[in-house]
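Here is the structure we will look at.
The values are calculated or read from the model by the stated rules, or taken from the named source; none is laboratory data. Just so we're clear, the structure is a prediction, and the values are computed from it rather than from any experiment. Using ideal geometry, Cβ is built from the backbone for each residue, glycine included, and neighbour counts are taken over all protein chains shown.
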Amino acid sequence: MEQTNNKPDIRQVPEAELLKFLNEYGEKPFRLKQLRPWLWKHFINTFDEIKNMPSGLLNALTSTYLLTFFESVRTLEDMDGTEKTAFRLAGDTVVEGVLIPAADRLTACLSTQAGCPVGCAFCATGKMGFKRNLTASEMYAQFVSLNRRAVQKWGRGLTNIVLMGMGEPLLNYEQVVRFITMINTSDGHSFSARRITLSTVGIPQYIKRLADDSLKVNLAVSLHAPTNEKRNALVPLNKTYPIEMLIEALMYYYKKTKQTITFEYVLLRGINDGRTDAVQLAALCRQFPSKVNIIEFNSFEGVAYQKPEAVMTGNFCRILKEQGVNCTLRQSKGSTINAACGQLSHIVNISY
Ligand code: SF4
């Protein structure tokens with residue numbers, strides 16, 4: 001069955017419309033219940049792979065709707081096993097997803113936007129500007145593609161998802177929540193929210209909404225500096241939502257969800273890696289149960305920041321621990337293929 005891309009993506013079509021479509025083809029509403037797992041669970045590429053529906057209905061679905069899935073444009077592999085895959089979206093936009101293997105887990109790092117409007121100073125994605133939001137279906141298609149690759153290469157499926165690729169997830173709130181909700185349900189993959197981490201620079205109103213929506217995903221906040229003066233220079237959105245507003249929203253999130261908050265902190269030599277920075281960071285961390293992931297800066301062309309000497313990094317972590325902060329130095333994965341934190345950007349890394 002032929003599929004063209006000028007049809008609506010079926011995963012994005014409201015259920016009321018799908019019911020109307022089924023009714024027009026003389027089908028009962030129970031077909032919608034049958035359809036959902038085929039769209040969000042069974043990894044199909046074409047409608048004719050659906051097993052429990054009549055061929056006439058499958059033909060009608062094929063001629064009316066698009067079933068989004070991705071062929072990768074290109075995959076690069078790091079020596080540590082990390083793979084970065086570029087996916088071409090409708091409109092000829094390219095986004096990247098990363099498959100990160102570890103002894104006890106296989107993690108997919110997914111993009112939620114093509115480019116990013118936030119423009120953090122140390123981030124390759126921020127340098128490429130903003131193209132558009134991804135749909136929930138496009139996030140799911142990345143998940144499917146990376147899961148297939150995980151099974152092919154490692155003999156098992158994905159265990160964890162981090163929404164930490166291109167984009168600021170909370171600026172695409174509706175679609176991100178829909179993606180999480182669908183893979184979390186039994187019609188999807190029953191993928192536990194506890195194994196999903198949403199990484200954000202921190203947009204207070206959406207952090208509160210996330211708490212109210214009870215999604216129970218892990219929240220990782222890209223803090224990167226303990227004072228407004230320093231953070232304004234690294235994360236421009238801090239000028240709109242200063243640290244005090246962010247902390248107040250995180251307290252709200254903790255009170256509602258009782259979940260430990262993770263702070264992500266990229267160490268930059270001479271910028272945010274001093275003793276005073278560590279002490280100030282510890283003071284922020286003590287306001288609710290939290291932990292800190294220290295991330296080594298992964299350099300890329302056109303950026304002057306450098307990662308600190310190992311001894312400085314060690315000292316920073318030691319001071320945090322002395323201050324009672326749960327701190328982990330995150331092993332950088334995929335840095336030789338520009339797949340590590342802050343490095344995803346097809347204009348910087350790969351020409352397709
Ligand atoms: S760090 Fe995240 S929020 Fe900041 S520019 Fe990069 S992708 Fe956007």
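List of remarks:
- Criterion applied to Val177, Val162 was being among the hydrophobic types (A, V, I, L, M, F, W, C), within 16 Å of the ligand (Cβ to nearest atom) and either within 27 Å of Phe130 (Cβ to Cβ) or not in a helix (DSSP H, G or I) (or both), and the one residue passing it is Val162.
- Subset of region 207-254 (residues that are surrounded by fewer than 22 Cβ atoms within 10 Å (Cβ to Cβ), within 15 Å of the ligand (Cβ to nearest atom) and farther than 15 Å from Asp277 by Cβ): Ala220, Pro236, Leu237, Lys239, Thr240, Tyr241
- Given (1) farther than 21 Å from Val325 by Cβ; (2) at pLDDT 95 or above, index of the condition Ser214 fails: (2)
- Once region 131-159 is narrowed to residues that are of a type outside the set (Ser, Thr, Tyr) and within 20 Å of Tyr65 (Cβ to Cβ), the residue that is farthest from the ligand (Cβ to nearest atom) is Val144.
- Checked against (1) assigned to a strand (DSSP E or B); (2) crowded, with 23+ Cβ neighbours inside 10 Å; (3) within 16 Å of the ligand (Cβ to nearest atom), Thr125 passes all but a single condition, namely (1).
- Criterion violated by Ala193 - all others in (1) more than 16 Å from the ligand (Cβ to nearest atom); (2) under 18 Å from Phe69 (Cα atoms) satisfied: (2)
- Hits in region 224-240 (condition: under 21 Å from the mean Cα position of the chain (by Cα) and part of a loop (DSSP other than H, G, I, E, B)): His224, Val235
- On inspection, Asp78 passes the criterion of being touching a helix residue (DSSP H, G or I) at 6+ places or on another chain (Cβ under 6 Å) and either at pLDDT 95 or above or away from the ligand (no atom under 16 Å from the Cβ) (or both).
- The set of residues in region 87-108 that are closer than 18 Å to Asn133 by Cβ and either within 16 Å of the ligand (Cβ to nearest atom) or not in a strand (DSSP E or B) (or both) comprises Leu89, Ala90, Gly91, Asp92, Thr93, Val94, Val95, Glu96, Gly97.
- Lone unmet requirement of (1) out of contact with any helix residue (DSSP H, G or I) (no Cβ under 8 Å at 6 or more places or on another chain); (2) more than 22 Å from Leu234 (Cα to Cα); (3) surrounded by 18 or more Cβ atoms within 10 Å (Cβ to Cβ) for Lys321: (3)
- Residue check for Ala114: over 18 Å from the mean Cα position of the chain (by Cα), of a type in the set (A, V, I, L, M), within 13 Å of the ligand (Cβ to nearest atom) and more than 21 Å from Ser190 (Cα to Cα): no
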